[in-house]
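K.L.:
First the structure, which I've put down as structure tokens, then a few questions once you've had a look.
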Amino acid sequence: MDQVLKTAEKISSMQIRGAGRIATAAAASLRDFSLGLRVQSLEEFNSEIKRAADVLVKTRPTAVSLSNAIRMVTKYQAGDLESARQAVIENADRFIENSRKAVERIGQIGSRRIRDGDTVLTHCNSQAALSVISTAHEAGKRVKVIATESRPRFQGITTIGMLDKIGVETELIVDSAVRSVMNEVDLVVVGADVITANGTLVNKIGTAQIALSAREARTSFMVAAETYKFSPKTILGELVTIEEREPEEVLPDISRYKHVKVRNPAFDVTPHQYIDLICTEAGAIPPEMSYLIIRERLGWELEEES
Ligand code: RUB
């Protein structure tokens, strides 16, 4: 269990972050846990796997990628202990490989929306969004990227670092400069933590005001998301929990103040009306088609839930 607790700690402290990365880290952790699990019976194995899954799923309350990944890894029907172990290992490896391929495919599909000479604005640090940009760059298109800092955790610095390495020209802006530059932007590309049944996006705090600003400036707004970022439970009416993180992330010396409260929601909600396109590995869809993605790709979960 030590290894699972370590991974859980890395996810909650954001050493491992981003909806896709935390999902594959959780899958790998369950696989390794299953490999090393010394138990006598299938029942014990099942209950230990469930215990580990519960620890992992609680680490970041918003990201549906975590619960979807864990469901996919722990979904097995086995008659004995060794076949259960084998199933968890195979499920985890399949999830990790499919997730890698999905990001690649999203890059191929989404990059078609970028034209030579375009300026693209991105927020936070999303593997899927960066795959769109880097695929366009690799295809020889000249792309300039405007990246927001993404306070309070400054994931934008990671983004410019990654783009710099592959030779993409970037401009870094503070989050509040988005409207000032929006008229120069051809396309906004962001990732997703959750997409609901009606195509609403939950992503890094600040995304909603970028979408609002893009709409006002008539700039296209695209979401890049693997299908496991869609939330089956939203079909059943469940609301997405927005993670509120420690105030110290925003104001490290908060203890100096007596009457100050810091609010630190990590994600916000962008209505589907502000989204032009969601680019998934199954194709680029209008947000209103999210329901179908959930039914076709994650339908098994609904059957279990209802
Ligand atoms: C990261 C974030 C990213 C999505 C998508 O938030 O909001 O836009 O998770 O990323 P945090 P990816 O830094 O708090 O985890 O496309 O890599 O899954």
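Taken together, the values in this text are just the output of simple stated rules run on the coordinates, not laboratory data. Quick caveat, the model's predicted, so the values are computed rather than measured. Don't worry about glycine lacking a Cβ; one is built from the backbone with ideal geometry, like all the others, and counts go over all protein chains shown.
K.L.:
Starting with the highest mean, order 58-68, 135-145 by the number of other Cβ atoms within 10 Å, averaged over the residues of each peptide.
P.N.:
Put in order of decreasing packing, that is 58-68, 135-145.
K.L.:
Can you compute 3J(HN,Hα) from phi for each residue in region 248-265, using the Karplus curve 6.51 cos²θ - 1.76 cosθ + 1.60 with θ = phi - 60°, rounded to whole Hz and x for Gly and Pro?
P.N.:
Along region 248-265, the couplings run 4, 5, 9, 9, x, 9, 4, 5, 5, 9, 9, 10, 10, 10, 9, 9, 9, x Hz.
K.L.:
Roughly how far apart, in whole Å, are the Cα centres of region 251-282 and region 30-48?
P.N.:
Centre-to-centre distance over Cα atoms comes out at 37 Å.
K.L.:
If you average the sequence gap of Cα pairs under 8 Å that are 6 or more apart and divide by the length of the chain, what percent do you get for the contact order?
P.N.:
17 percent
K.L.:
In terms of modelled amide H atoms, which long-range or inter-chain residues lie less than 5 Å from the amide H of I146?
P.N.:
V120, L121, T122, E171
K.L.:
Between 0 and 90 degrees, rounded to the nearest ten: what's the tilt of helix 42-57 against the longest Cα principal axis of the chain?
P.N.:
Approximately 20 degrees, to the nearest ten.
K.L.:
Let me ask you something else. Could you check the simple spin-label distance between L292 and V174, using points 7 Å along Cα→Cβ, in nm with one decimal?
P.N.:
If labels sit at L292 and V174, their model points lie 4.5 nm apart.
K.L.:
Let's see if you can work this out: charge +1 on each Lys and Arg Cβ, -1 on each Asp and Glu Cβ, no other charges. What is the dipole magnitude of the chain about its Cα centre, in debye to the nearest 20?
P.N.:
The calculated dipole for the chain is roughly 500 debye.
K.L.:
Of the listed peptides 74-80, 117-123, what is their order by residue-averaged count of other C-beta atoms within 10 Å, with the highest listed first?
P.N.:
Ranking the peptides 74-80, 117-123 by packing returns 117-123, 74-80.
K.L.:
Same structure, new question: Could you list which residues have their amide H under 5 Å from that of E243, counting only those 5 or more apart in sequence or on another chain, with H placed in the peptide plane?
P.N.:
Residues meeting the amide H criterion: T62, A266, F267.
K.L.:
List the lysines whose Cα lies under 17 Å from the Cα of K144, skipping any in the same chain that are fewer than 8 positions away.
P.N.:
Reachable lysines: K165.
K.L.:
Karplus couplings for region 15-30 from phi (6.51 cos²θ - 1.76 cosθ + 1.60, θ = phi - 60°), rounded to Hz, Gly and Pro as x?
P.N.:
Values per residue, Gly and Pro as x: 5, 10, 9, x, 4, x, 5, 5, 5, 6, 5, 5, 4, 5, 5, 5 Hz.
K.L.:
I've got another one for you. Please compare each pair in K50/K229; K58/K204; K229/K261; K6/K258 to a cut-off of 26 Å on the Cα-Cα distance and tell me which ones are over it.
P.N.:
Over 26 Å Cα-Cα: K229/K261; K6/K258.
K.L.:
Additional query: Of the listed peptides 200-212, 25-37, 164-176, 2-14, what is their order by residue-averaged count of other C-beta atoms within 10 Å, with the highest listed first?
P.N.:
Going from most to least packed, we get 200-212, 25-37, 2-14, 164-176.
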